[in-house]
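The values are calculated or read from the model by the stated rules, or taken from the named source; none is laboratory data. If you're wondering where the values come from, they're calculated on a predicted model, not measured in any experiment. Positions of Cβ are generated from backbone atoms using ideal geometry, with glycine treated the same way; all protein chains shown enter the neighbour counts. Surface areas here come from the heavy atoms of the whole protein model, side chains and all, with no ligands, DNA or RNA. Shrake-Rupley method; radii C 1.70, N 1.55, O 1.52, S 1.80 Å.
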Amino acid sequence: VLILDSNTSKNDLTVFENIKFWQTIFSSPINKNEIDLLLELLNIQNYKNTLVKHLSRGEKRKLELSRLMIEKKKLWIFDEPYLGLDETTIAIFNETLLNHSTAGGMTIFSSHHHLEMSGVETINLENYAVT
């Protein structure tokens, strides 16, 4: 799964239509109840039938993060995953990263946000800057 600092969801589809699209193309076993729980966890359940173009930046970001559960890939790669997220969603995202790692997954991401989580290896790229 690759999640960038720009959104990949289709603006002219609803939140639910985007999820169904991802579910189909990735042959995800996620069911309707799991989708509903995921939307509730991310606090976007009230936007299920809303076109993505009408969502705020943070709501779009939450939708992008929902792909993690839908695609079920071992390697997750992010560019600035914390952009547009509130503190509650950051905590949910961090817990999701930890659960993914515990289940044998791996995550690589770049961020200006300092991640405080045990078992995380941080590489400061400033140490590798060419002078």
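Of the residues making up region 6-32, just one is buried (at least 16 other Cβ atoms within 10 Å of the Cβ), among the aromatic types (Phe, Trp, Tyr) and over 21 Å from GLY84 (Cα atoms), namely TRP22. State whether the residues of region 33-41 include one that is open to solvent by less than 80 Å² (accessible area, probe 1.4 Å), over 25 Å from THR102 (Cβ atoms) and touching a residue at least 12 places away in the same chain (Cβ under 8 Å). No: region 33-41 contains no residue that is open to solvent by less than 80 Å² (accessible area, probe 1.4 Å), over 25 Å from THR102 (Cβ atoms) and touching a residue at least 12 places away in the same chain (Cβ under 8 Å).
Quick grid of which residues meet (1) assigned to a loop (DSSP other than H, G, I, E, B); (2) under 26 Å from SER110 (Cβ atoms); (3) in contact with a helix residue (DSSP H, G or I) (Cβ under 8 Å, 6 or more places away or on another chain); (4) at pLDDT 90 or above:
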{"residue": "LYS10", "(1), (2), (3), (4)": "yes, yes, yes, yes"}
{"residue": "TRP22", "(1), (2), (3), (4)": "no, yes, yes, yes"}
{"residue": "SER27", "(1), (2), (3), (4)": "yes, no, no, yes"}
{"residue": "ILE35", "(1), (2), (3), (4)": "no, no, yes, yes"}
{"residue": "LEU39", "(1), (2), (3), (4)": "no, no, yes, yes"}
{"residue": "ARG67", "(1), (2), (3), (4)": "no, yes, yes, no"}
{"residue": "ILE70", "(1), (2), (3), (4)": "no, yes, yes, no"}
{"residue": "ILE77", "(1), (2), (3), (4)": "no, yes, no, no"}
{"residue": "PRO81", "(1), (2), (3), (4)": "yes, yes, yes, no"}
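For every residue, the table says whether it meets (1) surrounded by 15 or more Cβ atoms within 10 Å (Cβ to Cβ); (2) of a type outside the set (Asp, Glu).
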residue	(1), (2)
LYS60	yes, yes
PRO81	yes, yes
LEU85	yes, yes
THR88	no, yes
GLY105	yes, yes
PHE109	yes, yes
SER118	no, yes
GLU126	no, no
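Among the residues making up region 42-53, those that are within 23 Å of ASP79 (Cβ to Cβ) and either in a helix (DSSP H, G or I) or of a type in the set (Ser, Thr, Tyr) (or both) are VAL52, LYS53. The residues of region 42-52 that are in contact (Cβ under 8 Å) with a residue 40 or more places away in the chain and either within 15 Å of the chain's Cα centre (by Cα) or open to solvent by less than 40 Å² (accessible area, probe 1.4 Å) (or both), listed by number, are LEU42, ASN43, VAL52.
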